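First up is the structure itself, then whatever we jot down about it.
The values are calculated or read from the model by the stated rules, or taken from the named source; none is laboratory data. It should be emphasised that the depicted structure is a prediction, and the values quoted were computed from it without experimental measurement. Glycine also receives a Cβ, built like all others from the backbone with ideal geometry; neighbour counts cover every protein chain displayed. The protein model used for the area step is the full one, side chains on, heavy atoms only, and it has no ligands, DNA or RNA in it. Shrake-Rupley method; radii C 1.70, N 1.55, O 1.52, S 1.80 Å.
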Amino acid sequence: MDAESLLLSLELASGSGQGLSPDRRASLLTSLTLVKRDYRFDRVLFWGRILGLVADYYIAQGLSEDQLAPRKTLYSLNCMEWSLLPPATEEMATQTSVVKGRFMGDPSHEYEHTEVQKVNEGEKVFEEEVVVQIKEETRLVSVIDQIDKAVAIVPRGALFKTPFGSINVNRTFEGLSLSEAKKLSSYFHFKEPVELKNKTLLEKADMDPSLDFMDSLEHDIPKGSWSIQMERGNALVVLRSLLWPGLTFYHTPRTKNYGYIYVGTGEKNIDLPFML
């Protein structure tokens, strides 16, 4: 959700039962304005909150003028002091995939994981147990990246692709119509396309290259991983992810108000295919 319309956005997303206290809201409004100025971001998004056992991580993301350029991610424990997180890598994802359970809420906390490694001594091969230390900060980076790739979404038309290839905010976007807002095909993953490249020319024939340049939600796997609900007498559409419980996307049809927020434990629902 855009930091500039934070109070309205929190109100629209409050149907999921997650909110922020008045002092946290005031702190975020002030500190995110300073983050945008100090880091020279084009836009700042309040990404959400990852719940820890000791403390919670408040996450914000900074975007450049090109909306699909790599985003800078920051975290805070008190909504006032923000620390920049390093970019996510494949190595981080592999390393942290063995860590299960809740976050502690301490970035310096280290998880211990025992790995069995093969050691060669001459012609003999021995198996040796090695204890690997994994920092919680590394796990935080990896989980935010996974959630972004899987469930960060924008409505169709909110962004447009220029002839030069950059992705900009569409200033003429006036929201989806009520009928379009109820369809999964009207929403796109907020990331570089993956499935779009595999589509045939016939499938691309009805697409507008300046608007349909990202992957649609309608072909997400597993099928049924999104819940669409109309709230406030059809005045608000809310999408909730069943794959990453805690991700809520909201959009007021025929207005520019849209955004998403994640408030959860940072754990993926790996049992979802068996629950559908």
* **Hull-based mean projected area of the stretch 151-193, where the convex hull spans the alpha carbons, in square nanometres** => 3.5
* If you count, for each residue, the other Cβ atoms within 10 Å and average over each peptide, how do 84-95, 38-49 line up from highest to lowest? -> 38-49, 84-95
* How large, in percent, is the carbon and sulfur part of the accessible surface of the chain at a probe radius of 1.4 Å? -> 52
* For the pair Ile270 and Val125, what calculated FRET efficiency results from E = 1/(1 + (r/R0)^6), where r is the Cβ-Cβ distance and R0 = 30 Å, to the nearest 0.05? -> 0.35
* **Accessible area expressed per residue, the stretch 5-274, with surrounding protein chains retained (probe 1.4 Å, Å²)** => 54
* Which pairs break 19 Å Cα to Cα here: Lys72/Lys191; Lys182/Lys256; Lys72/Lys256? -> Lys72/Lys256
* Structure fact -> Applied in sequence order to the stretch 167-172, the curve 6.51 cos²θ - 1.76 cosθ + 1.60 (Karplus, θ = phi - 60°) yields integer Hz couplings, x standing for Gly and Pro, of 9, 10, 6, 7, 5, 8
* Structure fact -> Note to self: C-alpha centroids of the stretch 1-71 and the stretch 90-114 sit apart, in Å, by 24
* Solvent-accessible ranking of Asp206, Asp2, largest area first, probe 1.4 Å -> Asp206, Asp2
* In the stretch 168-245, which trypsin sites (Lys or Arg not before Pro) are in a loop and have at most 11 other Cβ atoms within 10 Å, using DSSP for the loop call? -> Arg171, Lys223, Arg232
* To do: At 0.36 nm per residue, minus the direct Cα-Cα distance, what do Gln133 and Ser5 gain on full extension? Give it in nm, one decimal, please.
  => 42.1 nm
* Which ³J(HN,Hα) values, rounded to whole Hz and listed in residue order, are derived for the stretch 29-41 from phi using the Karplus coefficients 6.51, -1.76 and 1.60 in 6.51 cos²θ - 1.76 cosθ + 1.60 with θ = phi - 60°, glycine and proline given as x? -> 4, 6, 5, 6, 5, 5, 4, 4, 6, 5, 8, 6, 7
* To do: Just need the relative contact order of the stretch 80-164 here, percent rounded to a whole number, with Cα pairs under 8 Å and 6+ apart.
  => 30
* **Student exercise, the stretch 135-201 dipole from Lys, Arg, Asp, Glu Cβ charges, in Debye to nearest 20** => 220
* Given the convex hull of the Cα atoms of the stretch 25-81, what is a quarter of its surface area in nm²? -> 3.9
